[in-house]
Amino acid sequence: MKLLFVHPGPLLYTNVFLRLEPLGLELVAEAARRAKHSVRLIDLQVESHADYHRLIAEWPPDFVAFSCNYLANVPEIVDLAKATKLALPRSFICVGGHSASFTAKAILEHGEGAIDCVLKGEGEPSIVKLLEAVVSDRNSIAKVPGAVTAHGEGPRPGFVERLDDVRPARDLLRNRRKYFMGLLDPCASVEFSRGCPWDCSFCSAWTFYGRSYRLLSAENVVDDLASISEPGAFIVDDVAFIQERHGFAIGEAIARKGIRKKFYLETRGDVLLRNKEVFQFWKKLGLAQIFLGIEAIDEDGLRKFRKRIPLGRNFEALEFARSLGISVAINIIADPDWDEERFRVVRDWCMDVPEVVNISINTPYPGTEIWLTEQRRLETRDYRLFDIQHAVLPTKLPLAAFYRELLHTQRVLYGKHMNWWTAPKLAGELTRNLVRGQTNFMRGIMNYNKVYNAENMLADHARPTYYELPLPPRSQTNAATATAADLYIHANRGRRGRGMDDSTERFVDATRIEASR
Ligand code: B12
Ligand code: SF4
């Protein structure tokens, strides 16, 4: 069959700071290609809807698969699916990915018959089974693991047996130079591990993978890295280098092979402190930027998000990261109940630290515990606003005042970063990128005021809403009875599902809240 894999368009963030290669979709596309199908891929972060329609007119696919990692992309995907079904009534249309897995039935309903199937969980194993069913016996589609159709639902999705057996179809991506992460321009995405063993209440990374954590071998990672020509590499792992040995094994293999790249990764403060030598080693290998999810600057806030890292440890982690000479960005979660005074306190704190500070808004997402337990009523159920840049819970300040405070705070922090200690270095690196013809980050900086603009944010709330996110069933919203099992997409295989040594397992257990799960 002719298969087309589609990544939806950009969200707010993508237009300024970074735009990344759709690695998950490439992995699923490669699994389908290995099953002897003819495969193409289009990424609407860098191509337009007109390009998409032109492509399906010139090369009409039998099967179209959309990647829906982000809830905010649901309306765009549903509309594209409807338009595709109109143009190609015989095509089979499927949606998969992180957010689609948690909202499968709603997506089918919004599709009004245009979407044939939502495929939950990791796509590599299930896409092959779905394609077999589509080719040979359409009546068996609803029995495919992870499949949800209007006629029924298959068993829980299965895991990829060995992550070393899957590979991304990097060659299918056109415009590879359009992907960047700040100054890492251009930048490819790489995966060293999959899943997260912690269980933070605002996050769905662990519920998607059933609290599993699997590793790719150093040999496989290095093979993949060696095939990438971009000088930058974004490590997509939820928490990088949880296990010291794995970090060293990959690092040593990179050094042996003589691979030189600049790396970006995300990790936790306590992991950074536990595995200091790994990060020191990686600094020598080219680790350029670290993103730390600090989330709150007071103990109360940390408890709320169930990050069991004492505040002092987080500050110690920041000190250590600074001592490495690596550029560090941190994330703080703003609650919609913040008032002017709270914003001022946060601003003052942020101005005192040299790190780049990113502020996101506390947003309950399907698949997270706060989605079930948040007692505040949602102000909106417009999918497009669920991007942690818009407030979907009631704000204590009038909405316009909340956005003014938020954007003022973001602008002050952005200004600090752009003008202060980074300016000379930034200018130098930007110039080097421009000389190589890489203008992504430069354009992002120029877009800042247009994108982060209070009037535009308010106008986003005023748009007519055609698709609304359904609320969780009442039976699940009682905090006392809601359990993590209600949330899992992949089954929790317990200790056996986590490729960690016992000491790391104990470390994780000691730093998460629900040690009994
Ligand atoms: C790397 C990452 C990013 C990258 C983007 C990478 C990319 N190009 O897609 C960056 C840094 C840009 C990013 C940004 C944001 N992110 Co992000 N991100 C992640 C992260 C950590 C890993 C994703 C990843 O690449 N995983 C590795 C690949 C291999 O897995 P995958 O993409 O999930 O693909 C697998 C399956 O999902 C599935 N699949 C995927 N597509 C398809 C398609 C089909 C047809 C099928 C069958 C299966 C399938 O199969 C794949 C292979 O197994 C996830 C957390 C997580 N663990 O999923 C959060 C996550 C997806 N991000 C999240 C959020 C909130 C954001 C932001 C909105 C945050 C912000 N500050 O604005 C932005 C918006 C992004 C945008 N589009 O502009 C949330 C999603 C919440 C939601 N429900 O919408 C997540 C779940 C994190 C969380 N804490 O809960 N993100
Ligand atoms: S440590 Fe917490 S926030 Fe980070 S990926 Fe794991 S569960 Fe999500």
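Calculated mean residue ellipticity at 222 nm for the chain: -12000 deg cm²/dmol, from DSSP H runs with n ≥ 4 weighted as -39500 (n - 2.57), summed, divided by the residue count and rounded to 500.
Tell me, how many Å apart are the Cα centres for segment 341-358 and for segment 489-506? Segment 341-358 and segment 489-506 have Cα centres spaced 36 Å from each other.
Just how many % of Cα pairs in the chain lie over 32 Å apart, if you round to the nearest whole percent? I get 42 percent for the Cα pairs in the chain exceeding 32 Å.
Take every Cα pair under 8 Å whose residues are at least 6 apart in sequence, average their separation, divide by the length of segment 100-220, and the relative contact order is 16 percent. Shown is the FRET efficiency for ARG162 and VAL128, computed with R0 = 22 Å from the Cβ-Cβ distance and rounded to the nearest 0.05: 0.90. Once backbone amide H atoms are built at 1.01 Å from N, ASP237 has PHE192, SER193 as its partners under 5 Å, excluding neighbours fewer than 5 places away on the same chain. Over segment 145-203, what is the mean sequence separation of C-alpha contacts under 8 Å (at least six apart), divided by residue count, expressed as relative contact order in percent? With pairs under 8 Å counted, the relative contact order is 15 percent. Computed from backbone phi with θ = phi - 60° and the Karplus coefficients 6.51, -1.76 and 1.60, the 3J(HN,Hα) list for segment 224-232 is 5, 4, 5, 8, 9, 8, 4, x, x Hz; x is used for glycine and proline.
Based on C-alpha pairs under 8 angstrom that are at least 6 apart in sequence, the chain has a relative contact order of 16 percent. The residues HIS7, HIS37, when put in order of fewest to most other Cβ atoms within 10 Å, stand as HIS37, HIS7. For segment 260-275, the Karplus equation 6.51 cos²θ - 1.76 cosθ + 1.60, evaluated at θ = phi - 60°, returns couplings of 10, 8, 9, 10, 10, 8, 10, 8, 9, x, 6, 6, 4, 6, 6, 10 Hz by residue, with Gly and Pro reported as x.
Considering only beta bridges that DSSP places wholly inside the chain, some 20 percent are antiparallel.
For segment 277-288, putting each phi into the Karplus relation 6.51 cos²θ - 1.76 cosθ + 1.60 with θ = phi - 60° gives couplings of 5, 4, 5, 4, 4, 5, 4, 5, 7, x, 5, 9 Hz, in residue order, rounded to whole numbers and with x for Gly and Pro. Restricting the trypsin sites (Lys or Arg not before Pro) of segment 346-389 to loop positions (DSSP other than H, G, I, E, B) with no more than 16 neighbouring Cβ atoms within 10 Å leaves ARG376, ARG377, ARG381. Can you check what the Kirkwood hydrodynamic radius comes to for segment 33-176, Cα pairs only, in Å to one decimal? One over the average 1/r among Cα pairs gives 15.6 Å for segment 33-176. Per-residue Cβ neighbour counts within 10 Å put LYS36, LYS396 in the sequence LYS36, LYS396, beginning with the fewest. Ranked by how many other Cβ atoms sit within 10 Å of their own Cβ, fewest first, the residues LYS85, LYS120, LYS450 fall in the order LYS450, LYS85, LYS120. Separation of segment 86-101 from segment 213-271 is 33 Å, based on Cα centroids. The H on the amide N of ASN358, modeled in the peptide plane, is under 5 Å from the matching H of ILE330, ASN331, ILE332, each at least 5 residues off or on a different chain.
For the residue pairs LYS36/LYS82; LYS2/LYS36; LYS36/LYS178; LYS257/LYS284; LYS2/LYS129; LYS105/LYS143, the alpha carbons lie more than 19 Å apart in LYS36/LYS82; LYS36/LYS178.
Each value in this text was obtained by applying a stated rule to the coordinates, not by laboratory testing. These numbers come from a predicted model, not from an experiment. Every residue, glycine among them, receives a Cβ derived from its backbone with ideal geometry; neighbour counts consider all protein chains shown.
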